[in-house]
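The values are calculated or read from the model by the stated rules, or taken from the named source; none is laboratory data. All figures in this text were calculated on a predicted structure; none of them were measured in a lab. Note that we place each Cβ from the backbone using ideal geometry, even for glycine, and neighbour counts take in every protein chain shown.
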Amino acid sequence: MGVKMPSYVEFVTQIMNGFVLGLLYAVIALGFMLILGVMGVINFSHGILFAWGAYFAFTLRPIIGFWPALMISPILVGFMGLILEFAVRRSYGKDPLFGLLLTFGAAMALEQIIRMIWGAVGYAIAAPKFVAGPFMFGFIAYSKYRLFLAGLAVLLIILTWLFLEKTPYGAIIKAGAFDSEMVMALGIDIKKLRTLVFGLGSALAGLAGVIAAPLWSIKPTMGVEAIMPAFVVVVIGGVGSFWGTILGGLMVGVVTSISVMFMPRTSQIVMYILMAIIILIRPRGMMGEKSILE
Amino acid sequence: MFWVFLFFLVLPYLLPFVGGYTYLGVEVLIWSIFALGYNILLGYTGLPSFGHGAFFGIGAFVAGIMQLRVTQGMWIPILAGIFAATFFGALVGLFLARKRGIYFALLTIAFSQMFWFISWGWDKMTGGEDGLSGINRLPVGIPGLFSIDLKDILNFYYFVYILFVICTILIWIIVRSPFGKTLQAIRYNEIRAKCIGYDTPRYKWLSFTISCAFSGLAGTLYVLLRNAAFSDVMHWTQSGNVIMMVLLGGGLANFYGPILGAGVFIVLRDLFSTLTEHWLLIYGLLFMFVIVFIPEGILSFFKKRQEKEELLVPRE
């Protein structure tokens, strides 16, 4: 575990990598948190839906091109989410363990189906042509695709925020998370709402998978690799907090990248250390408030 | 309890008639210890941990490392495994003592992940991807008087059986003691238990730590059974497995549920894994099936509908 000193260029590049990674983590965690917040379900299959998004895009891109694949793959994953919700529905209002185990089983089954269709080996995915190669910031060369990814992630975060804050649907979703009985009493079909949210959260996971694929290369276990940071991000940011999740994602991304620079072997563990420190100082996470979820 | 002990006493002689083998019997006993211990936390305290696989794994790796690198015995590795699992359980428990429900579950997943990455990354100690092999089941006994050769699987079965009997009685005593009753009070209503004057975080911490000790013991025995500690002993699926055993058997409703669950689960897994190479698919679907159709477990089939539903509802 030797400590190595990075050069100035390497330092800047890694910090930027950290922000890109953090934005990606934030998008993954956002869909996860949406489902957690509205239904109280810890959706273990969020990661595998992310993987399905990547695999759909992998198959569709050579046929229909990058942009159509970017649009259609998340929709397909969203439909998978809608189907999954039929099973998950049984665990609403019960101990959180039931929803967790149900989606855990679904994740295992869906991962095995990926192996059956696409095989157990991984594939490297090239970045689309218009963002291939490096971009020059003065004398620092930086991957164009990562910049593109960061832009897309920011756009997604803003769109999700606008949807939740500025549309009547968002208002209903937030009200449903706060007091579902009252929302039902006002004549709103809460069941439909929950199905919709599950589909939406799944589509977000799928979209994250599509844009992450050229960065990580795709393999059946990529789902688990995506969901694990999401747990940490949500705990750090605070369950139920939108901006907390974004902040948590960025913190995890940057801290991971910094550790890649100094002690590469610890890079997968530092986020847990960060989490432990943060819940010692702020038991509900950075921006968490006391909620019905505790 | 007598009948359970009697059943497992004669089990090795019954297994060949139904196409089983002794190895499977040992596995059922080990997982029963794990699941019974875990149920102190889930069934009696009502805390949904999704990370006990980590403590099983800590027990396994520490026992393996002790035997391979430090001492050649049997008892010291086993005790060291239990101690390490208890120690790390107590440490993690400090973070969890004031949490419950979803937060509790999220944190246990995250911490178990951390231990997984440590075991994966620290390959000088744990063998990383390859794991540790060459662990022996050495003879136990009193020097000069007698010694039992545990390499023989039947002898090892009875070695584990004795530990299983001790653990079962111990856990029975724990859940029926005033301490155990307090845990159940916390499960039904933590705020009320607190108002009566119980220091509930301390009780929850103790419950977590005790269940980790049993996880550690099960882990050490598992390593001895397989003569190796592969990286999968630490894997998060182990956490899912143990919860599944508790729920499947009906651990929320009955003390013996986890034992039945462990038996059914391991037999099913053995059956499916010989039938198809895609058994992970069936395994996943089995999880979904149990949660959707029989979440209260096999042993609560005879309970009334309302009693069943009460088992599943989270408490205040």
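Quick one: would you say A:Phe104 is without any contact (Cβ under 8 Å) to a residue 24 or more places away in the chain and under 20 Å from B:Glu296 (Cα atoms)?
Here the answer is no, as A:Phe104 does not meet what is asked.
Looking only at the stretch A:202-218, decide whether some residue is within 11 Å of another protein chain (Cβ to nearest Cβ) and either in contact (Cβ under 8 Å) with a residue 12 or more places away in the chain or not in a helix (DSSP H, G or I) (or both). Spell out how you get there, then give the answer.
Just the residues of the stretch A:202-218 that are within 11 Å of another protein chain (Cβ to nearest Cβ), to begin with: none.
Scanning the stretch A:202-218, I find no residue that is within 11 Å of another protein chain (Cβ to nearest Cβ) and either in contact (Cβ under 8 Å) with a residue 12 or more places away in the chain or not in a helix (DSSP H, G or I) (or both), so the answer is no.
Hey, can you tell me all the residues within the stretch B:284-309 that are at pLDDT 85 or above and either of a type in the set (A, V, I, L, M) or surrounded by 20 or more Cβ atoms within 10 Å (Cβ to Cβ) (or both)?
Residues satisfying the conditions are B:Gly284, B:Leu285, B:Leu286, B:Phe287, B:Met288, B:Val290, B:Ile291, B:Val292.
The rows are residues; the columns are (1) under 20 Å from the mean Cα position of the chain (by Cα); (2) modelled with pLDDT under 90.
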site	(1), (2)
A:Pro134	no, yes
A:Tyr145	yes, yes
A:Ala153	yes, no
A:Ile157	yes, no
A:Ile172	no, yes
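Between B:Thr276, B:Thr209, B:Thr237, B:Thr220, which is at pLDDT 90 or above and surrounded by fewer than 24 Cβ atoms within 10 Å (Cβ to Cβ)?
One residue alone meets the criteria, B:Thr209.
In the stretch A:244-269, what residues are farther than 14 Å from A:Val27 by Cβ, more than 10 Å from chain B (Cβ to nearest Cβ) and touching a helix residue (DSSP H, G or I) at 6+ places or on another chain (Cβ under 9 Å)?
A:Gly244, A:Met251, A:Val254, A:Val255, A:Thr256, A:Ser257, A:Ile258, A:Ser259, A:Val260, A:Met261, A:Met263, listed by residue number.
Of the residues A:Lys191, A:Lys219, A:Lys166, only one is in contact with a strand residue (DSSP E or B) (Cβ under 8 Å, 6 or more places away or on another chain) and surrounded by fewer than 21 Cβ atoms within 10 Å (Cβ to Cβ); which?
Among A:Lys191, A:Lys219, A:Lys166, only A:Lys219 is in contact with a strand residue (DSSP E or B) (Cβ under 8 Å, 6 or more places away or on another chain) and surrounded by fewer than 21 Cβ atoms within 10 Å (Cβ to Cβ).
Of (1) in contact with a helix residue (DSSP H, G or I) (Cβ under 7 Å, 6 or more places away or on another chain); (2) free of Cβ contacts under 8 Å to residues at least 60 places away in the same chain; (3) more than 14 Å from chain A (Cβ to nearest Cβ), B:Gly180 satisfies all except one. Which?
(2)
Only residues that are out of contact with any Asp or Glu (no Cβ under 7 Å at 6 or more places or on another chain) and either at pLDDT below 85 or surrounded by 23 or more Cβ atoms within 10 Å (Cβ to Cβ) (or both): list them for the stretch B:223-234, please.
Within the stretch B:223-234, B:Val223, B:Leu224, B:Asn227, B:Ala228, B:Ala229, B:Phe230, B:Asp232, B:Val233, B:Met234 qualify.
Of the conditions (1) within 14 Å of chain B (Cβ to nearest Cβ); (2) assigned to a helix (DSSP H, G or I); (3) under 21 Å from A:Ile113 (Cβ atoms), A:Val234 fails just one. Which one is it?
(3)
Inspect all residues belonging to the stretch B:6-26 and state whether any of them is within 17 Å of B:Ser215 (Cα to Cα) and in contact (Cβ under 8 Å) with a residue 24 or more places away in the chain.
yes
List the number of the failed condition for A:Val239; all other conditions in (1) at pLDDT 90 or above; (2) assigned to a loop (DSSP other than H, G, I, E, B) hold.
(1)
Could you check A:Gly37 against (1) within 12 Å of chain B (Cβ to nearest Cβ); (2) under 14 Å from the mean Cα position of the chain (by Cα) and say which number it fails?
If we test A:Gly37 against (1) within 12 Å of chain B (Cβ to nearest Cβ); (2) under 14 Å from the mean Cα position of the chain (by Cα), just (2) comes out false.
For the stretch A:48-100, enumerate the residues that are assigned to a helix (DSSP H, G or I), facing another protein chain (nearest Cβ under 8 Å) and without any contact (Cβ under 8 Å) to a residue 12 or more places away in the chain.
Selection gives A:Leu97, A:Phe98.
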